[in-house]
Amino acid sequence: MVDTKRKPARPPKLTSLESLCQAAECLKTLAHPHRLRIVQMLLSGRYTVGELAEACEIPSHMASEHLRLMQRCGFLDVEKEGRCVFYTIAEPHLANIMACIEARFGGSKSPRTGVSA
């Protein structure tokens, strides 16, 4: 019989608490529906503030603030073409994070619980 309560011989390699604190701060930044929508869009291409604001159904100044916060975490880059400013994804791991979110909460699930209807 296998003892399932027994600790492994070697503890797993753990991420430093300093790194986990940094990760938690960046995840807090993502933890907003408009920011998640912005990330979803930017994973498919580059967009202007106006385009992102329209997709989120918010004023441009609010979209700009969301973009600023995500830039500060290193999630986004800016590309300028003449007078146009385009936002793009700088952090490739955002695709994996969004894939987890979409797998868990996407589709025909209840928005409150994530349970299929």
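Each reported figure results from applying straightforward, stated rules to the coordinates on display, with no laboratory input. Fair warning: this is a prediction, and the values are worked out from it, not measured in the lab. As a convention, Cβ positions derive from the backbone with ideal geometry for all residues, glycine included, and neighbour counts pool all protein chains shown.
Give, in nm to one decimal, the length gained when the segment between residue 19 and residue 71 is fully stretched (0.36 nm per residue of separation minus the Cα-Cα distance). Before the final figure, lay out each step's value.
On the way: separation 52, 0.36 × 52 = 18.72 nm, distance 1.85 nm.
Working it through step by step, the gained length comes to 16.9 nm.
Ranked by Cβ crowding within 10 angstrom, fewest neighbours first, how are 15, 29, 88 ordered? Walk me through the numbers before you get to the answer.
Working: 15 10, 29 16, 88 13.
In order of increasing Cβ crowding within 10 Å: 15, 88, 29.
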Legend entry - D (Stokes-Einstein, µm²/s), Kirkwood Cα radius, region 24-104, 1.306 mPa s at 10 °C: 126
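Work out the length of the dipole vector of region 24-104 about its Cα centre, built from +1 on the beta-carbon of each Lys and Arg and -1 on the beta-carbon of each Asp and Glu, and round it to the nearest 20 debye.
On the way: 9 positive and 10 negative charges, 30 e Å.
So the magnitude is around 140 debye.
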